[in-house]
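The values are calculated or read from the model by the stated rules, or taken from the named source; none is laboratory data. What you are looking at is a predicted structure, and each value in this text was computed from that prediction instead of being measured. All Cβ positions, glycine included, derive from the backbone under ideal geometry; neighbour counts span all protein chains shown.
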Amino acid sequence: MNRTPPQTIRRELRAEVGFGCPIEGCANPYLEWHHFDPPWHVREHHDPQGMIALCAEHHKKADAGAFTADQLKIYKNGARRGAVQGRFDWMRNKLLAAVGSGFYYETFTILRYREIDIIWFRRDADGNLLLNVRMTAITGAPGLLIEDNDWIAHGALEDLECPPSGRLLRANYPSGDYLKIEFSTLDSPADLAQRFPHRNTNHWCGRVPFPITLVEVYATVAGTNIQLTPHSTRIGNVTIGSAFVAHCGVAFVVR
């Protein structure tokens, strides 16, 4: 049996601790899965009653016996409340952005809504491109905000997934709002084609330097006509399939 529990149990364990490590003073959102009642070496199981979501540091301490089973049960039943926050540590001078069904290179503002930038990049003093996402500006509802690679999730989350690798962030809200960010490395045009087999990337991939870091952004804004999926991009009354935009100031403006 694999030590990683099924998705449904991972979701349950994340929600149980309020999407952050429940050890006092921690709240780290990059969670792993600790088996304690009984321990994994005693019986291999995925019983959520005997498991708890912990950050990597406190998982190692729990494996070493730092917390008793009774203490961990208290942590399970005392879910933390409040915003969840973290940071993307992917610092790069060059990025290829896949936002919805489009690809963007050296394009700093992907989506602007009524004079407000919603998805954009900003360079720091070292020339690194930092991601910014402000979907909350469209609806005004609490949600996930990314500012210069720092992210914070406000409001009542349905689920929030961010593995210890730090390359993926996925947030779901009961309203239907959804946001997924994922970083990865593409070593060659073949890697690009393999990752997106249903899109024709051959005609423009020569304009992008490889290897390059890819950041994917997919989102649904509930109550609007904005939906950015891997297969299509819908903004207002416009729906587009695969597209490539390079060296552009602002890609899309919604009035």
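Residues satisfying the criterion are absent from segment 81-90 (criterion: within 20 Å of the chain's Cα centre (by Cα), within 23 Å of residue 199 (Cβ to Cβ) and assigned to a strand (DSSP E or B)). On the stretch given as segment 207-255, residues that are assigned to a loop (DSSP other than H, G, I, E, B) and without any contact (Cβ under 8 Å) to a residue 40 or more places away in the chain total 5. Is it true that some residue in segment 125-137 is touching a residue at least 40 places away in the same chain (Cβ under 8 Å), hydroxyl-bearing (Ser, Thr, Tyr) and assigned by TED's automatic domain parsing to the domain that holds residue 174? There is no residue in segment 125-137 that is touching a residue at least 40 places away in the same chain (Cβ under 8 Å), hydroxyl-bearing (Ser, Thr, Tyr) and assigned by TED's automatic domain parsing to the domain that holds residue 174.
On the stretch given as segment 63-80, residues that are assigned to a helix (DSSP H, G or I) and more than 30 Å from the chain's Cα centre (by Cα) total 3.
If you check 111, 144, 131, 168 for being surrounded by 18 or more Cβ atoms within 10 Å (Cβ to Cβ) and under 30 Å from residue 60 (Cα atoms), only one passes: 144. Counting just the residues of segment 6-25 that are in contact with a helix residue (DSSP H, G or I) (Cβ under 8 Å, 6 or more places away or on another chain) and closer than 17 Å to residue 78 by Cα, which one comes out surrounded by the fewest Cβ atoms within 10 Å (Cβ to Cβ)? Ranking the qualifying residues of segment 6-25, first place goes to 12. Answer with yes or no whether residue 107 is touching a residue at least 12 places away in the same chain (Cβ under 8 Å), within 21 Å of residue 223 (Cα to Cα) and of a type in the set (S, T, N, Q). So residue 107 does not fit the description; no. Can you find a residue in segment 161-171 that is without any contact (Cβ under 8 Å) to a residue 40 or more places away in the chain, more than 23 Å from residue 54 (Cβ to Cβ) and not hydrophobic (A, V, I, L, M, F, W, C)? No - not one qualifying residue is present in segment 161-171. In the set 93, 28, only one residue is under 30 Å from residue 129 (Cβ atoms), surrounded by 17 or more Cβ atoms within 10 Å (Cβ to Cβ) and not acidic (Asp, Glu); that residue is 28.
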